[in-house]
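Trainee: Shown below is the structure under consideration.
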Amino acid sequence: MVNPSTKDINEAALKLPSVLRRLVAASLLLTALLIAVSLVSLGLGQSDAPLSATLKSAAVKLHLASPDAYELDEATESILWDIRLPRILLAALVGMLLAAGGVALQGLLLNPLADPYTVGVSSGAALGASIAVVLGWGGMLHGFGVPALAFATAIAAMLLVYSLARYRGRLAMHSFLLAGIVVGSFLWALLTFVMTIAGQDLSVIIYWLLGSFSAPDPWGYVRIAAPFVLLALVGLYAFARDLNVLSLGEETANHLGVRTESLKNVIIIITSLATAAAVSVSGVIGFVGLIVPHMARRVFGPDHRILLPAAALLGATLMVAADTAARNIVPGSELPVGVITALLGAPFFCYLLKRGRS
């Protein structure tokens, strides 16, 4: 009789090359798409730069071409590499955080409607950011007062939701969802109160709430978000197999050796940190963490070993495209990114609902 553990190892060895091939293919395809969208975004704006000139300038920056290849004036060069490039990177990082968090929470909660904002993190971040604006703390911490307080209050909201949902050493998923809704509603009520006394700062708060990558220190915001992207992608991918097993049900997963309580704690902590980081540097941008996992799942399948990196890259691409549209749709003005994602996401979600019933 074959030992079950040996059989599992043999089956995994047979399946791994197939999974690896699909992972590499998906990653290369989506990375190429992200680079293409980023290059287009880099050249579009109030000061347009031809794609050919942008590519030559990029080659010079990467030391792949001689400085003689320059075709852009110094002002345009500064716009491209000091303003647009960090903004594109920030949009990509935030898209990765929200999309990966959405995949993980949907897999953990077994709920296709779950997204990173389910845990009340966005409400906490919004409240913290609005308080920082009203109290004039934006200039604190070398100009990072708003994202710092937004991150702190987001984590506080997550801890409150977690403590309410935990009972006798266990975390019930339905209680977790309800606690997230209740805490989120309460924090939004506090946010409404802050907005009523904000006075001339109200427009700043509203603009932040709708989402934007127009950061006062773009490279500084990129440095804030980048470590959390690494944490989220590496940390969540380490539990991709457990999320696959959990799709069979919590009881079955327990029988198959998955420590479901530990899995819940780790996934919630990682996604909460990732979401707090994303919201603190960009504001509340809806639908990305909800819609992108569905899009990636339809194209690349439900295997989290492929789905997580695919959704992250797809989320980055969508966010860069949305920010490009926000910068260019209205000449001489800029729309909030959250408006673009809502305009794209809401119809797509309605399509998913309609198709799911047919």
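FYI, it's all coordinate maths here, none of it is from the lab. Predicted model only: the values in this text are computed from it and were never measured. Reconstructed Cβ throughout: ideal geometry from the backbone, glycine too, with neighbour counts over all protein chains shown.
Trainee: I'd like to know which of Asn254, Gly184, Ala148 lies farthest towards the positive end of the charge dipole of the chain, counting +1 on Cβ of Lys and Arg and -1 on Cβ of Asp and Glu.
Mentor: Result: Asn254, furthest along the dipole toward the positive end.
Trainee: What ranking of Tyr237, Tyr117, Tyr162 emerges when the number of other C-beta atoms within 10 Å of each C-beta is taken as an exposure proxy, fewest first?
Mentor: Numbers: Tyr237 17, Tyr117 24, Tyr162 21.
Going from sparsest to densest Cβ surroundings: Tyr237, Tyr162, Tyr117.
Trainee: Select from Val40, Val330, Val245 the residue whose mean-square fluctuation is largest in a Gaussian network model of the chain (Cα-Cα springs shorter than 10 Å).
Mentor: The residue with the greatest mean-square fluctuation here is Val330.
Trainee: So for segment 87-357, averaging the separation of alpha carbon pairs under 8 Å that are six or more residues apart and normalising by length, what relative contact order in percent results? Can you show the working numbers first?
Mentor: Numbers: 427 pairs, mean separation 88.9, N = 271.
It rounds to 33 percent for segment 87-357.
Trainee: How far apart, in nm, are the 7 Å Cα→Cβ label points at Leu51 and Thr31?
Mentor: Rounded to a tenth, the inter-label distance reads 2.1 nm.
Trainee: Follow-up. Could you tell me the ratio Rg/Rh of segment 87-357? Both radii from Cα atoms, Rh via Kirkwood.
Mentor: Numbers: Rg = 18.0 Å, Rh = 18.6 Å.
Rg/Rh: 0.97.
Trainee: Here is a further query. Let's see if you can work this out: charge +1 on each Lys and Arg Cβ, -1 on each Asp and Glu Cβ, no other charges. What is the dipole magnitude of the chain about its Cα centre, in debye to the nearest 20?
Mentor: Numbers: 22 positive and 19 negative charges, 265 e Å.
The dipole magnitude comes to about 1280 debye.
Trainee: Still on this structure, I have one more. Looking at the chain as a GNM with Cα springs under 10 Å, which of Ala104, Ala198, Ala225 has the largest mean-square fluctuation?
Mentor: Ala198
Trainee: Tell me what the chain gives for mean residue ellipticity at 222 nm when only DSSP H runs of n ≥ 4 count, each as -39,500 (n - 2.57), the sum divided by the residue total, rounded to 500 deg cm²/dmol.
Mentor: Values: 16 runs with 267 residues, N = 358.
Helices in the chain give a 222 nm mean residue ellipticity of -25000 deg cm²/dmol.
Trainee: Sort Glu334, Glu261 so that the residue with the fewest other Cβ atoms within 10 Å of its own Cβ comes first and the one with the most comes last.
Mentor: Glu261, Glu334
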